[in-house]
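Have a look at the structure below, then the notes.
The values are calculated or read from the model by the stated rules, or taken from the named source; none is laboratory data. No experiment lies behind these values; they were computed from the predicted model shown. Cβ coordinates were reconstructed from backbone atoms using ideal geometry, including for glycine residues, and neighbour counts include every protein chain displayed.
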Amino acid sequence: MAALGLIVMSNDWNRRHVLSLADFTPSEYDVVLQTANSFREVLSRRTKKVPTLQGQVVTNLFFEPSTRTRSSFELAAKRLSADILNFAPGSSSLTKGETILDTAKTYLAMGTDMMVIRHKEAGVPQAIAQEMDRLGVKVGILNAGDGQHEHPSQALLDLFTITTLLQPEAPRLKLLEGKKIAIVGDILHSRVARSNIWSLTASGAEVHLAGPPTLLPKLFADFVTAPKIGAVVPAATPAPRRLLLHWSLEPALEAADFVMTLRLQRERMTNHLLPTLREYHQQFGITRDRLKLCNPDVRVLHPGPVNRGVEISSDLMDDPQFSLISQQVTSGVAVRMALLFLMGGGKV
Ligand code: ASP
């Protein structure tokens with residue numbers, strides 16, 4: 001790895017699994033950002049592949065649809081020279097009644113070293129990680145999105161996108177200290193919002209949540225301070241996390257440095273939580289005009305997939321002056337390479 005100019009101190013990364021960002025420490029964020037930046041350099045070369053994970057097996061277990069995350073993990077594993085298995089639930093033995101744990105154990109028996117897991121129920125990657133630990137096997141579990149709970153690799157790639165924009169040579173968490181970041185839209189159903197709240201508030205940024213009351217319940221005010229089941233929030237978080245709630249867009253956008261807009265997760269909405277999409281766009285849609293309230297250098301993020309013209313206007317989405325959407329997708333490969341590399345032992 002010396003060829004990459006990458007030095008990972010063994011005590012900076014001791015995690016076997018990446019399940020949540022609730023207990024990530026500032027130095028863990030920085031290790032991911034620095035490692036991803038080294039891989040960004042690899043990805044700019046003519047030969048975009050390193051032998052780091054040669055002989056290791058990465059299994060993608062996606063029980064819920066995905067375009068970006070699944071392909072991005074697959075490409076990341078390939079760029080690290082790992083062997084990758086892709087599980088497709090529709091054509092698997094799940095349809096014959098096999099349990100999720102037994103599916104995971106089947107891949108374990110084939111020699112899987114890391115499993116990347118997405119499921120519509122919160123807690124599935126955690127349950128598989130617990131089972132692997134109980135069995136005493138050294139398999140790393142990566143949460144690629146569990147229900148409404150968390151999507152750590154998405155928040156890490158968002159962090160990488162923003163911090164490399166601020167300082168391309170040396171991205172680090174503290175670059176966001178004092179910045180204002182608005183997260184707008186369907187917070188209630190968004191695992192992306194939850195993971196981003198952990199990372200962005202850890203950086204010292206001021207995080208403003210905005211959405212209609214049905215999609216931004218008051219209980220989010222206590223999100224970062226409420227005790228988390230099974231997670232130890234690091235005592236060493238230097239300053240109190242700053243999280244503010246708004247049920248209208250304007251106060252969140254005023255002087256914002258970054259605006260993160262979220263998809264309306266209609267597949268998770270059980271009731272009629274919204275009037276019409278047109279009304280939603282009128283109240284919370286991000287448009288060029290509304291960005292005038294922000295800092296003049298404001299940039300807009302969206303984790304995708306986007307409902308064009310609903311959460312963000314179509315022209316703004318494609319405007320490279322404001323939109324970081326395609327950079328987010330590009331960053332995803334480097335960040336996922338970093339995670340697989342670190343979880344795979346961080347050694348050549
Ligand atoms: N792709 C992200 C996720 O899986 C965001 C979204 O679906 O809206 O959570």
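Brief remarks on what is shown
- Considering residues of the stretch 238-297 that are in contact (Cβ under 8 Å) with a residue 60 or more places away in the chain and polar (S, T, N, Q) only, the residue farthest from the ligand (Cβ to nearest atom): Asn295
- Here Arg268, Arg263 are screened, and the one residue that is closer than 16 Å to His189 by Cβ and touching a Pro at 6+ places or on another chain (Cβ under 7 Å) is Arg263.
- The condition of being of a type in the set (A, V, I, L, M), surrounded by fewer than 18 Cβ atoms within 10 Å (Cβ to Cβ) and within 28 Å of Leu249 (Cα to Cα) does not hold for Val300.
- Among (1) in contact with a strand residue (DSSP E or B) (Cβ under 9 Å, 6 or more places away or on another chain); (2) more than 21 Å from Ser72 (Cβ to Cβ), the one test that Leu324 misses: (2)
- Contacts under 7 angstrom Cβ, first residue in the stretch 189-217 being farther than 20 Å from Thr270 by Cα, partner hydroxyl-bearing (Ser, Thr, Tyr) and not in a loop (DSSP other than H, G, I, E, B), 6 or more apart: Ser199/Tyr29; Ala202/Tyr29; Val207/Thr201
- Applying the set (1) under 18 Å from Thr25 (Cα atoms); (2) modelled with pLDDT under 95; (3) hydrophobic (A, V, I, L, M, F, W, C) to Ala221 leaves exactly one unmet item: (1).
- Filtering the stretch 24-33 to residues that are surrounded by fewer than 19 Cβ atoms within 10 Å (Cβ to Cβ) and either among the polar types (S, T, N, Q) or within 20 Å of Asp113 (Cα to Cα) (or both) leaves Thr25, Ser27.
- Cβ-Cβ under 7 Å pairs, at least 6 apart or on other chains, the stretch 29-56 side in contact (Cβ under 8 Å) with a residue 24 or more places away in the chain, far side of a type in the set (Val, Ile, Thr) and outside any helix (DSSP H, G or I): Val31/Val8; Thr35/Val8; Val42/Val50; Thr52/Val348
- Test: residue in the stretch 39-46 that is assigned to a helix (DSSP H, G or I), of a type in the set (Phe, Trp, Tyr), away from the ligand (no atom under 16 Å from the Cβ) and within 22 Å of Asp113 (Cβ to Cβ): yes
- Taking the listed residues Glu98, Glu121, the one that is within 16 Å of the ligand (Cβ to nearest atom) and either acidic (Asp, Glu) or more than 27 Å from Ala22 (Cα to Cα) (or both) is Glu121, with no other qualifying.
- Considering only residues in the stretch 34-51 that are surrounded by fewer than 23 Cβ atoms within 10 Å (Cβ to Cβ) and polar (S, T, N, Q), the one that is farthest from the chain's Cα centre (by Cα) turns out to be Thr47.
- Residues in the stretch 67-95 that are in a loop (DSSP other than H, G, I, E, B), touching a helix residue (DSSP H, G or I) at 6+ places or on another chain (Cβ under 9 Å) and touching a residue at least 24 places away in the same chain (Cβ under 8 Å): Leu80, Ala82.
- First in the stretch 301-314 and among the acidic types (Asp, Glu), second anywhere and more than 12 Å from the ligand (Cβ to nearest atom) and part of a loop (DSSP other than H, G, I, E, B), Cβ under 7 Å, 6 or more apart: Glu311/Gly285
- Filtered residues of the stretch 196-215 (kept if under 23 Å from Val310 (Cα atoms) and either assigned to a loop (DSSP other than H, G, I, E, B) or small (Gly, Ala, Ser) (or both)): Ala210, Gly211, Pro212, Pro213, Thr214, Leu215
- Scanning the stretch 12-38 for residues that are of a type in the set (Gly, Ala, Ser) and in a helix (DSSP H, G or I) yields a total of 3.
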